[in-house]
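The values are calculated or read from the model by the stated rules, or taken from the named source; none is laboratory data. Every value quoted in this text rests on a predicted model; they were computed, and no experiment measured them. Quick reminder, even Gly has a Cβ in these numbers, built from the backbone with ideal geometry, and neighbours come from all protein chains shown. Accessible surface areas use protein heavy atoms only, side chains included; no ligands, DNA or RNA. Shrake-Rupley method; radii C 1.70, N 1.55, O 1.52, S 1.80 Å.
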Number of protein chains: 2
Amino acid sequence: MVEDKIKSGDEPKDIKDIGITVKKSDDFSEWYTQIILKGELIEYGPVSGCMIIRPYAYSIWESIQEFFNAEIKKMGIQNAYFPMLIPENLFHKEKEHVEGFNPEVAWVTHGGDTLLPERLAIRPTSETIMYDSYKKWIRSWRDLPLRLNQWCNIVRWEFKHPVPFLRTREFLWQEGHTVFTTREEAEKEVYDILNLYARVFEELYAVAVLKGMKSQNEKFAGAVFTTSVEMMLPNGKAIQGATSHLLGQNFSKAFDISFLNKNGEKDYAWQNSWGISTRSIGIMLGIHGDDQGIVMPPRVAPIQVVIVPIIFDDTKDKVLQKCNDIRKELEKHYIRTFIDDSDYRPGWKFNKWELKGVPLRIELGPKDLISGKLKIAYRYNDMKEMIEIDTHHVVNHVIKKLDEIQNKMLENSRKILKDAIVSCNTIDDMQRIVEDKKIAYASFCDDRACEDSIKDKTGAKTLNMPLGQMEDHRCINCGKPAKLFYFGKSY
Amino acid sequence: MVEDKIKSGDEPKDIKDIGITVKKSDDFSEWYTQIILKGELIEYGPVSGCMIIRPYAYSIWESIQEFFNAEIKKMGIQNAYFPMLIPENLFHKEKEHVEGFNPEVAWVTHGGDTLLPERLAIRPTSETIMYDSYKKWIRSWRDLPLRLNQWCNIVRWEFKHPVPFLRTREFLWQEGHTVFTTREEAEKEVYDILNLYARVFEELYAVAVLKGMKSQNEKFAGAVFTTSVEMMLPNGKAIQGATSHLLGQNFSKAFDISFLNKNGEKDYAWQNSWGISTRSIGIMLGIHGDDQGIVMPPRVAPIQVVIVPIIFDDTKDKVLQKCNDIRKELEKHYIRTFIDDSDYRPGWKFNKWELKGVPLRIELGPKDLISGKLKIAYRYNDMKEMIEIDTHHVVNHVIKKLDEIQNKMLENSRKILKDAIVSCNTIDDMQRIVEDKKIAYASFCDDRACEDSIKDKTGAKTLNMPLGQMEDHRCINCGKPAKLFYFGKSY
């Protein structure tokens, strides 16, 4: 159940006041802000960049948690919780890591009126605090693998303009931190988790992804390599959806996470970390929404089916009875269903639930009880159809259709992503492609300076490099040996 | 599945090194620390008072979350997430509230190298940040009730000696914050939630509670009244388990949370807040544990059944096959089961799983396959029995027994609590009772100065006042009209 109240004055506002007033294609940024505020997903808080995740959005996150927890538990990964406050000295142990995160750390200096002896960082990520304990727990190969995950809040004090979900100073995520005896085991997990993230986007969010390896410039601060899933927003900006890192032995050497191997010799452990955040909700909203508002994919929709009864005084009971029959039967099949029997006009309700992106709407009035058919409206393609009113028939039809909607939305996202990718062989072409709000697919040597040079010339940076490339190419910029990378303007 | 690794050196330590070395009755504090560290529930972090909740403890919290979420969702309460950082000015809006929490707020002063224009409090509780938004969302009686909950971390910079779970500077909790049009509706919810907390302790933790109303001195800073569930630890100290507050209109007036009622007049809303934290895990551990270590009640036990195969080379496969048959069948009934087939001695394993408090252990070796019986050992009463080895029989027996253990543990806790309560009529008696590590039950006028006076004389403060008292009494200290309260020394 989500809030179904109108949020101003005693009388409901007209739909034009709550409706979306710009076209997605005309002003993506304003459109995005409107669907998120008017759809009651986010409220701005008093601190810039720290936003309230309202129930209608938090419920999406709960769907992701439920799926992800079940999958990682099957893999033998356990949940835990580590402190949020990290002493400054601990934070400084891994050189690249501290350089990467220091500029955006929020610092705690006082407890009550007392000045703390050492500043404490609010976690911008938890490698340092977790590995300080891992060191104590790991002595022998028998103690490995150690595979923990935590769901928590993160603070990164960015100074860029905040965007709900996509760039916020506080956000929610899960972070997995795992330790293995060998690089092979660790690498296998990096890709297993990468594939799991691809499933979260494709199967739950119905969002197509580019799966691959980040460039040297764009990898995580302290990692050997970073893999990612990347998406394309309709404003032509690429965005990173989730990352899975091979940390190698960088942290295990900095934190002395070593173990006696089966031969009784000391080895440094191999580590991974990986995370997906509430940013993913924003990506999904930006990709699927349309000029009427949000379009929720059924798997994560807080309300999957809304039933709007057409109410007249003399037939009210009969109509509500039938609506409740259908709701109960849908709920037996775990379909999240809501009957909107508030006293607003049906047209107002239709617009409201379209704005909120409910995948499937059932309309049912006294005429339908007589004719034996009811109307179903589909949010994602704006189609409507009349079907037999028999409860079991309705329920079976709805279940089938929700699956179909989920698949069609993913198909559509895949097509859009595929169409956005343009291969190119020259820097000039690349510049034109990214200015045309597309993704350039080009060969690149993966040299840090060369990526900086490409960015200077085109405004684009690498998204990632598709995995499993055998063929060698020549870098589009410097001519050195290269692989194919995706490039784009990005968040 | 939880870690089953031995955490030091390449060879397992002897059980005497990992076993509990003090008796609970001799030194509760040292005993408590040992079961929590050796049972792998907590690890100390680098910042005093900020502790790591390891998977074996976090899994208990997940059980609580699952139960509590299902119950509050039935009540129409939704989950959300509000920012952790609260601007100092917002925090100061409700006078009693800020006085109550200010001394223990952790303050953020810098983002990266930049001094913030205003200090930000890390939430010690979220009334202020949430009600700042509630004000925007509530205009009309149509917008009410508004009933939100969040699961989050909390920081309170206490300077008393930290105790794992029971007193930590960072902890996890849920906090519900609800708004109603009338005091009656709000009060009803206060008690509904209080009863839900009593169920969490009694049905999940198997811990008996004292349910009642806090005194004026001990109520929440900013509340009209506070209800609580209180428990008694074996060291004679009482402890507050969870609280449910009627905030009345104190915050709605401070934050201008008003609405137009059905007559078109402006009214201030009625509010509640309520919470239970990871402290509850510590209470459960302290109450149930014994000289061998932890005793987990089945409903929250991370592992409910451990199967220890007695392995010899020639019969290994057959024995493991049978163990796996039983495990699979138990898991079909959602019984959390673990087979310890590590290469340690059976006796070592028995001691380990007793220390970790697994409610029920199945021992199964080649002799049992021949005799057709296997041994079951019960953690809570140290009893053992032989039962028929048939898988379905074992599974049915185990399910029945887990229920029985849960009930017996609660019965036992109830008996201990009941025996700890001693009625008294004089201050001298009260002093003797609390020094004898009991709870005094005495009449009290609920005057703040009088409670201070009683505390000076006896060392005890009120725990709470049982609800529904009709009869009037005379205060044990000042002789004014009074009700019966529980008194004790407390955490």
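Listed highest first by mean packing, meaning other Cβ atoms within 10 Å per residue, what order do B:65-71, A:280-286, B:93-99 come in?
Ranking the peptides B:65-71, A:280-286, B:93-99 by packing returns A:280-286, B:93-99, B:65-71.
Counting Lys +1, Arg +1, Asp -1, Glu -1, what net charge surrounds A:ASP113 among other residues with beta carbon under 15 Å of its beta carbon?
Summing Lys/Arg as +1 and Asp/Glu as -1 gives -2.
Sort B:183-190, A:207-214, B:28-35 by the packing proxy (mean of other Cβ within 10 Å over each peptide's residues), most packed first.
Highest mean packing first, the order is A:207-214, B:28-35, B:183-190.
Work through the residues other than B:GLU43 whose Cβ is under 9 Å from its Cβ and net out their charges, Lys, Arg +1 and Asp, Glu -1.
+1
Only residues of segment A:46-72 count here: report those whose backbone N is under 18 Å from the spot 7 Å along Cα→Cβ of A:LEU467, or say none.
Answer for segment A:46-72: A:71-72.
Please state the shape class of segment A:391-467: rounded when a/c is under 1.5, otherwise prolate if a/b exceeds b/c and oblate if not, all from the C-alpha gyration tensor.
Numbers: a/c = 4.70, a/b = 3.44, b/c = 1.37.
Note, shape of segment A:391-467 comes out prolate.
Whole Å is fine, so just give me how far the alpha carbon centre of segment A:113-177 lies from that of segment B:416-491.
Each part's Cα centre sits 45 Å from the other's.
In the protein assembly as shown, carbon and sulfur make up what percent of the accessible area (probe 1.4 Å)?
It is 48 percent, rounded to a whole number.
Let me know the mean shielding of B:84-97 by other chains, meaning the per-residue number of their Cβ atoms within 10 Å of its Cβ.
2
Compute the long axis of helix A:448-458 from its Cα atoms, compare it with the longest principal axis of the Cα atoms of chain A, and write down the angle in degrees, 0 to 90, nearest 10.
So the inclination is approximately 40 degrees.
Need one value for B:153-164: mean number of C-beta atoms belonging to other chains within 10 Å of its residues' C-beta atoms.
That average works out to 2.
Over what distance in Å are the Cα centres of segment A:181-216 and segment B:324-360 separated?
33 Å
Excluding ligands and nucleic acids, what accessible area in Å² is computed for A:ILE370 using a 1.4 Å probe, to the nearest 10?
150 Å²
When Cβ neighbours within 10 Å are restricted to other protein chains, what is their mean count per residue of peptide A:100-113?
That works out to 6 on average.
How much length, in nm to one decimal, is gained on full extension between A:TYR334 and A:GLU88, taken as 0.36 nm per residue of separation minus their Cα-Cα distance? Don't jump to the answer; show the numbers that get you there.
Numbers: separation 246, 0.36 × 246 = 88.56 nm, distance 4.75 nm.
Taking A:TYR334 through A:GLU88 to full extension adds about 83.8 nm, to one decimal.
According to the square roots a ≥ b ≥ c of the eigenvalues of the Cα gyration tensor, what is the shape class of segment A:94-245, taking rounded for a/c under 1.5, prolate for a/b larger than b/c otherwise, and oblate for the remainder?
oblate
Residue by residue through segment B:391-401, what is 3J(HN,Hα) from phi via Karplus (6.51 cos²θ - 1.76 cosθ + 1.60, θ = phi - 60°)? Round to whole Hz and write x for glycine and proline.
Couplings: 4, 5, 5, 4, 5, 4, 5, 4, 4, 4, 5 Hz.
For segment B:247-328, please report how many Lys pairs fall under 29 Å Cα to Cα, leaving out neighbours fewer than 8 apart on the same chain.
Within segment B:247-328, the lysine pair count is 4.
Skipping prolines and chain starts, which residues have an amide H placed within reach, meaning under 5 Å, of the one on B:ASN79, given they are 5 or more residues away or on another chain?
B:ASN149
Which residues' amide hydrogens lie under 5 Å from the amide hydrogen of B:PHE255, considering only partners 5 or more residues apart or on another chain, with H built in the peptide plane?
The list, which skips near neighbours in sequence, is empty: none.
How much of B:MET383 can a 1.4 Å solvent probe reach, expressed as accessible area in Å² and rounded to 10?
Its heavy atoms expose roughly 110 Å² to the probe.
Can I get the semi-axes of segment A:360-420's equivalent ellipsoid? Compute them from the C-alpha gyration tensor as square roots of 5 times the eigenvalues, in angstrom, largest first.
Working from the Cα gyration tensor, I get semi-axes of 30, 12, 6 Å.
Computed FRET efficiency, Cβ-Cβ of B:ASP313 and B:ASP390, R0 22 Å: what is it to the nearest 0.05?
On the way: r = 26 Å, r/R0 = 1.19.
In this case the efficiency is close to 0.25.
Do you know the relative contact order of chain B, to the nearest whole percent, from alpha carbon pairs under 8 angstrom that are 6+ apart? Each step should come with its number before you reach the end.
Numbers: 968 pairs, mean separation 70.8, N = 491.
Computed over chain B, the figure is 14 percent.
Just reorder A:PHE165, B:PHE350 by solvent-accessible area, largest first, 1.4 Å probe, all chains present.
B:PHE350, A:PHE165
What fraction of the Cα pairs in the protein assembly as shown, stated in percent, has a spacing above 36 angstrom? The partial results should precede the final answer.
Details: 274722 of 481671 pairs.
Everything past 36 Å amounts to 57 percent.
Below 8 Å between Cα atoms, with a sequence gap of 6+, how large is the relative contact order for segment B:280-390 in percent?
On the way: 170 pairs, mean separation 33.4, N = 111.
Across segment B:280-390, relative contact order equals 30 percent.
Which of the peptides A:143-151, A:250-258 is most tightly packed, and how do the rest follow, judged by the mean count of other Cβ atoms within 10 Å per residue?
A:143-151, A:250-258
Please list the non-local residues whose amide H lies under 5 Å from the amide H of A:ARG119, H modeled 1.01 Å from N, same-chain partners needing a gap of 5 or more.
A:GLU88
Computed on protein heavy atoms with a 1.4 Å probe, what is the summed buried accessible area for the chain pair A and B, in Å² to the nearest 100?
Interface area, both chains combined: 6000 Å², rounded to the nearest 100.
Apply the Karplus curve 6.51 cos²θ - 1.76 cosθ + 1.60, θ = phi - 60°, to the phi angles in segment B:57-65 and return the couplings in whole Hz, x for Gly and Pro.
For segment B:57-65, the Karplus-derived couplings read 8, 4, 4, 5, 4, 5, 5, 5, 4 Hz, x marking Gly and Pro.
Within a Cβ distance under 10 Å of B:PRO481, other residues only, what is the Lys/Arg minus Asp/Glu net charge?
+1
Determine the relative contact order of segment B:347-491: mean sequence separation of Cα pairs under 8 Å and six or more apart, normalised by residue count, in whole percent.
16 percent
Give the ranking of A:TYR197, B:TYR268 by solvent-accessible surface, highest area first, calculated with a 1.4 Å probe. The partial results should precede the final answer.
On the way: A:TYR197 0, B:TYR268 70 Å².
So, going from the largest accessible area down, we get B:TYR268, A:TYR197.
Output wanted: per-residue J couplings in Hz (rounded whole) for segment B:66-77, from phi through Karplus 6.51 cos²θ - 1.76 cosθ + 1.60, θ = phi - 60°, x for Gly and Pro.
4, 5, 5, 4, 4, 5, 6, 5, 4, 7, x, 9
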